[in-house]
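The values are calculated or read from the model by the stated rules, or taken from the named source; none is laboratory data. All of these numbers come straight from a predicted model, not from anything done at the bench. Note that we place each Cβ from the backbone using ideal geometry, even for glycine, and neighbour counts take in every protein chain shown. Surface accessibility is based on the protein's heavy atoms, side chains included, excluding ligands, DNA and RNA. Shrake-Rupley method; radii C 1.70, N 1.55, O 1.52, S 1.80 Å.
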Amino acid sequence: MDTDLSLAALGTLETICRELAVQAGELIVRERPAHLGVAATKSSATDVVTVMDRRSEELLMEQLRARRPDDGILGEEGASVEGTSGITWIVDPIDGTVNYLYDIPAYAVSVAACVGDPAGDWESVAGAVFNPVTGDLFHARRGGGAFLRSTGSEPSVTALFVSGEHDLGHALTGTGFGYDAAKRAQQAQTLTRVLPQVRDIRRAGSAALDLCAVAAGRLDVYYESGLNAWDRAAGQLIVTEAGGVVRGVGAQPSRELTLAGPAVLVEALHGVLQSVTD
Ligand code: LIP
């Protein structure tokens, strides 16, 4: 199958990413229940789902089925549609759900259009990450650069570029932790080796926003183990279109490791992380 990845087609995919990320983001703020609670848990008692995670994913599904009926869909809260077009939409209806639950303004809707096998090797070709509290809309398409649109009272568009920092010891480093206690213990051990070798650590609670922070130079470098495809599908493209690299233990990011930033810092931090596991 030849998937249409012409400039025009990529532009259309990016527009849909932007529009749907904003629509779902506005929904989760506008219709947040007065007394939001935990609707369910997943991998552990702290891996929570709210009614708005589900409503956001329902909106994304409904819009994508209507606008792109031949495409596949993979969502964090269970959306799963086989497509015939070669395009699969990988969506996180609320990335940073715990922040959303606690009303901490660091959560986002992440929407990415991808080619390849969503269960195996895939590549994002367009993506958008929207923080509905700040109004920050990060977006990119393959070969088109990465941008931050501020959708607030003074709309603006800024081209994004990763940090120019070359020294890991001066690198503000983002990371995150999983929901499983044993995994968190391992991640804490890794952190004890990384922390003395970087400027400082920031743990914001949303991988999608962490990756966008790297693209914007608000973080110098980022690493996390245990991410799912929906956490990183849009953010990793935004990083690479901002001049950064995204890798894992090997050349490609994976559930085992996502590492993002300017190449020199990514390679330096990769060396530190490898020394931890050796
Ligand atoms: C979150 C990630 C974050 C990670 C959290 C959680 P969720 O995704 O974006 O980077 O550290 O543990 O996995 O669960 O809010 O969609």
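Taking 16 Å as the cut-off, the amide N atoms of the range 100-135 that come nearer than this to a point 7 Å along the Cα-to-beta-carbon line of residue 150 belong to 131-135. Solvent-accessible area per residue in the range 88-153 equals 32 Å², computed with a 1.4 angstrom probe and all protein chains kept. Taking all pairs of different Cα atoms in the range 123-188, averaging 1/r and flipping that mean, what Kirkwood radius in angstroms comes out? Answer for the range 123-188: a Kirkwood hydrodynamic radius of 15.0 Å. Provide, for q = 0.11, 0.16, 0.23 Å⁻¹, the log10 of I(q)/I(0) from a solvent-free Debye sum over equal Cα point scatterers in the range 1-110. Each listed q corresponds, in turn, to -0.38, -0.73, -1.25. Calculate, for residue 66 and residue 34, the FRET efficiency according to 1/(1 + (r/R0)^6) with r their C-beta to C-beta distance and R0 30 Å; round to the nearest 0.05. In this case the efficiency is close to 0.45. Each peptide among 153-160, 36-43 gets the average number of other Cβ atoms lying within 10 Å of its residues, and from highest to lowest they stand as 36-43, 153-160. To put it simply, the accessible area of the range 63-176 at a 1.4 Å probe is 48 percent carbon and sulfur. Note on the range 156-271: Rg/Rh from C-alpha atoms, Kirkwood Rh, equals 0.94. Here the accessible area is traced with a 1.4 Å probe on the protein chains. For the range 180-278, carbon and sulfur cover 51 percent of it.
With each label modelled as a point 7 angstrom along the Cα→C-beta vector, the residue 167-residue 15 pair spans 4.7 nm. In the chain, Cα pairs under 8 Å separated by at least six residues give a relative contact order of 17 percent. Here is the tail figure for the chain: Cα pairs spaced more than 35 Å apart come to 12 percent of all pairs. With Rh defined as the Kirkwood radius, the inverse of the mean 1/r over Cα pairs, the Rg/Rh of the range 74-181 is 1.00.
Using every Cα-Cα pair within the range 229-270, state what percent have a distance larger than 12 Å. Tail fraction, whole percent: 53. The residues of the range 183-258 present an accessible area of 40 Å² per residue when probed at 1.4 Å with all protein chains retained. The equivalent ellipsoid that matches the C-alpha gyration tensor of the range 8-67 spans semi-axes of 27, 14, 9 angstrom, in descending order. Springs between Cα atoms under 10 Å define the GNM used for the chain, and in it the highest mean-square fluctuation of 19, 62, 77 occurs at 62. Applying a DSSP loop filter and a limit of 13 other Cβ atoms within 10 Å to the GluC sites (Glu not before Pro) in the range 238-278 leaves 256.
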